[in-house]
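The values are calculated or read from the model by the stated rules, or taken from the named source; none is laboratory data. The shown structure was predicted, so the numbers you read here are calculated from the model rather than taken from an experiment. Positions of Cβ are backbone-derived with ideal geometry, glycine not excepted, and every protein chain shown enters the neighbour counts.
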Amino acid sequence: MQKHFIGAASDLGVHVNGASLGPETLFDSLSFEDIKIFKMNRFFKKSTSQDDRHKNFKELYSYLYNLYANIINIPKNDLVLNIGGDHSVAIASALAANLKKGPLGLIWIDAHTDYHTLASTTSGNLHGLPCAVINGYGAHDLAFFHKAPFISEANTVIVGARSIDEGEYENLAHTKVKVIPMEEVFERGIEDVMKEAFAIASFNTEGVHLSYDLDFLDPSIAPGVSTPVKGGGTMAIYEKLLKIIKLYRNAIYSFDLVEFNPLNDIDNKTKELAERILLNF
Ligand SMILES: [Mn+2]
């Protein structure tokens, strides 16, 4: 089985710049053979208006469509490792994976739930929507290019959430998505939580799309992200999670590593953690 490293070099989904530099910075020091980087249109000027509730929508839509179309053409049984970029790029990777191999389950490791819709977002930053879009929840305008089924809410687990907006609570309350907040990760341990997550995501599915947002980790060990939230995964949790990913390797059909922002990194801390996650595959 061949591995394909995709550099989803876009930060169109977030008001902070820098996540678009993530893939190149990471691939710089690693010697992966099959790498393809998708850059943003360098002539496009990102929207910064506070009043813009759907920032960079058209540009992001075209970006995702192109990424999706490319991932679909990767042979079905090869492993796609999609490196962001902000988390909106997971819309392309997860839905392409579900089209090729579905029905898949979804495990979303993240400080945020990313469960806004175009109607509920208050910031207008579209990296706050991808988990909902992948479930086909609400108006999934960001994924009109995707005609095949979405990933079932009942097979979706969000792990590590500790920053959930009011609108997201309301959206999630209408779904069967299992949310395991960071507090619960500390209480039960990451092994127990991930065991449950894989059980839910694997139930009657053909595999799991695992989406790892680096802001799941505490900013003290991983400062190089765009939207850090205190109270996240410790170094011990990070190490355990590496082993868990290895243990469940066969259940993982495709993988995202997102939100690495080199401009916010300190002493390459985040870069080194991200590199080790990729080398783990
Ligand atoms: Mn996220």
Among the residues listed as 236, 201, the single one being more than 16 Å from the ligand (Cβ to nearest atom), assigned to a helix (DSSP H, G or I) and either in contact with a strand residue (DSSP E or B) (Cβ under 6 Å, 6 or more places away or on another chain) or closer than 26 Å to residue 11 by Cα (or both): 201
Based on this model, can you work out whether residue 136 counts as at positive phi and out of contact with any strand residue (DSSP E or B) (no Cβ under 9 Å at 6 or more places or on another chain)? yes
Would you mind telling me which numbered condition in (1) within 21 Å of residue 245 (Cα to Cα); (2) buried (at least 21 other Cβ atoms within 10 Å of the Cβ) residue 125 fails? (1)
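Report, by residue number, each residue of the stretch 144-188 that is among the charged types (D, E, K, R), modelled with pLDDT of 95 or more and either more than 17 Å from residue 121 (Cβ to Cβ) or surrounded by fewer than 16 Cβ atoms within 10 Å (Cβ to Cβ) (or both).
Start the filter on the stretch 144-188 by keeping residues that are among the charged types (D, E, K, R), which leaves 147, 153, 162, 165-166, 168, 170, 176, 178, 183-184, 187-188.
Narrowing the set further to residues that are modelled with pLDDT of 95 or more leaves 153, 162, 165-166, 168, 170, 176, 178, 183-184, 187-188.
153, 162, 166, 170, 176, 178, 183, 184, 187, 188, listed by residue number.
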Can you tell me which residues in the stretch 181-198 are within 15 Å of the ligand (Cβ to nearest atom) and without any contact (Cβ under 8 Å) to a residue 40 or more places away in the chain? 181
Taking residue 77 as the residue in question, decide whether it is surrounded by fewer than 24 Cβ atoms within 10 Å (Cβ to Cβ), closer than 27 Å to residue 46 by Cβ and either acidic (Asp, Glu) or touching a residue at least 40 places away in the same chain (Cβ under 8 Å) (or both). no
Considering the stretch 135-156 alone, what residues qualify as being touching a residue at least 60 places away in the same chain (Cβ under 8 Å) and either within 16 Å of the ligand (Cβ to nearest atom) or in a loop (DSSP other than H, G, I, E, B) (or both)? 142, 144, 145, 146
